[in-house]
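Since every read-out is calculated from the coordinates, none of them should be taken as a lab result. In this text the structure is predicted, and so the values were computed from the model without any measurement. Please note: Cβ atoms are built from the backbone with ideal geometry, for glycine as well, and neighbour counts cover all protein chains shown.
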Amino acid sequence: MVAPHVTRMILAVVLAAVLAVVVAACGSSSEEPTAVPTFPVPARDGGPSADPADAGDVVPDDCGEILAAADLEALLGLPLGSVKLRTTIGVAQPSVGRTERVSCSYSRNGGPSRSLLVINATAYRDEGAATDQWRVNAEAESGERSEVALGSALASLFEKGDEAVLMVAHATSNLSLVLPEQPLPGDRSPRDVLIDLALRVLPAVTVELPSGLPEPVPQAGAVR
C-alpha cells in the first residue's frame, strides 16, 4: 500500500507538469504567427507597372499592313499584280531615341525593276525625340522645300529633279515618303500624290491620328 505522503508527492508532480503545459500553451498564443512567404505578381501587359517597351510596337513589321501593293497599284493606275513589295526591318538607335524603323520598297514586277515608292516609318521613345529627329532630317534633306498642311502633324515637301520627298512627324512617329519621277494618273502632281499617300499611311504608323486631317482622294482603281 502506498503511503499517503508518497501519493501527495506524485499528485504534486503531475499537477506541476500540467500547469507547465498550460502556461506554455498560453505563452505561445501571444506570439506573432509565422509569416507566410509571398511572391511578387508579374505586372499585366499595359498595366501601370509594365515596362513601356512592352506596350507593343507602333510600326507594323509587315509593309503590307502599312500600304498594300494593291493599294499603290490603284492609286497610281497600274495593272493588278504589277507591283512587288519588300519589307526591311531596321534597328533601334538609342542615341536619338529611335525604337523602331521599317522601310517599304515598292517596285515594278517583271522586266527591269523600277522603283515606284519608298516609305520609311520610324517610332521614338517620346514625342520630343521624334520631333527633334524630324527637324534634323529635314535640315539635311536637299531640294526645294515647302510646308504641307496635314492637320496637327509637321510636314515638309522637298522637290528635286528626279524625285519628291514628303517628311512627316506626329506624336512619337516619323514618316518619309520618297516618290521617284514617273508618270502619274490624272495629271496629278507629285505633291498631290505624296499627300494622298501620307493620309493613307499615317493611321498605320502612329499611336494617334493628327487632328484636322482631310480625307484621302478616292482611288480610281487598278487597271485590269
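A few notes on this one:
One line per residue, one yes/no per condition, for (1) touching a Ser or Thr at 6+ places or on another chain (Cβ under 6 Å); (2) hydrophobic (A, V, I, L, M, F, W, C); (3) in contact (Cβ under 8 Å) with a residue 12 or more places away in the chain; (4) closer than 23 Å to Asp57 by Cα:
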{"residue": "Glu141", "(1), (2), (3), (4)": "no, no, yes, no"}
{"residue": "Gly151", "(1), (2), (3), (4)": "yes, no, yes, no"}
{"residue": "Glu159", "(1), (2), (3), (4)": "no, no, yes, no"}
{"residue": "His170", "(1), (2), (3), (4)": "yes, no, yes, yes"}
{"residue": "Ser173", "(1), (2), (3), (4)": "yes, no, yes, yes"}
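- In the range 57-95, the residues that are among the hydroxyl-bearing types (Ser, Thr, Tyr) and exposed (fewer than 14 other Cβ atoms within 10 Å of the Cβ): Thr88, Ser95
- Residues located in the range 70-118, provided they are of a type in the set (A, V, I, L, M), assigned to a loop (DSSP other than H, G, I, E, B) and more than 24 Å from Ala164 (Cα to Cα): Leu80, Val91, Ala92
- In the range 170-195, residue nearest to Ser107 (Cα to Cα) [restricted to those that are crowded, with 18+ Cβ neighbours inside 10 Å, out of contact with any Asp or Glu (no Cβ under 9 Å at 6 or more places or on another chain) and of a type outside the set (S, T, N, Q)]: Leu177
- Some residue of the range 178-199 being within 22 Å of Glu65 (Cβ to Cβ) and part of a strand (DSSP E or B): yes
- Sole residue being under 23 Å from the mean Cα position of the chain (by Cα) and either closer than 16 Å to Val193 by Cα or surrounded by fewer than 18 Cβ atoms within 10 Å (Cβ to Cβ) (or both), chosen from Arg145, Arg98, Arg114, Arg135: Arg135
- Here Ser211 meets each of (1) in contact with a Pro (Cβ under 8 Å, 6 or more places away or on another chain); (2) touching a residue at least 40 places away in the same chain (Cβ under 8 Å); (3) surrounded by fewer than 13 Cβ atoms within 10 Å (Cβ to Cβ); (4) not β-branched (Val, Ile, Thr) with one exception, condition (1).
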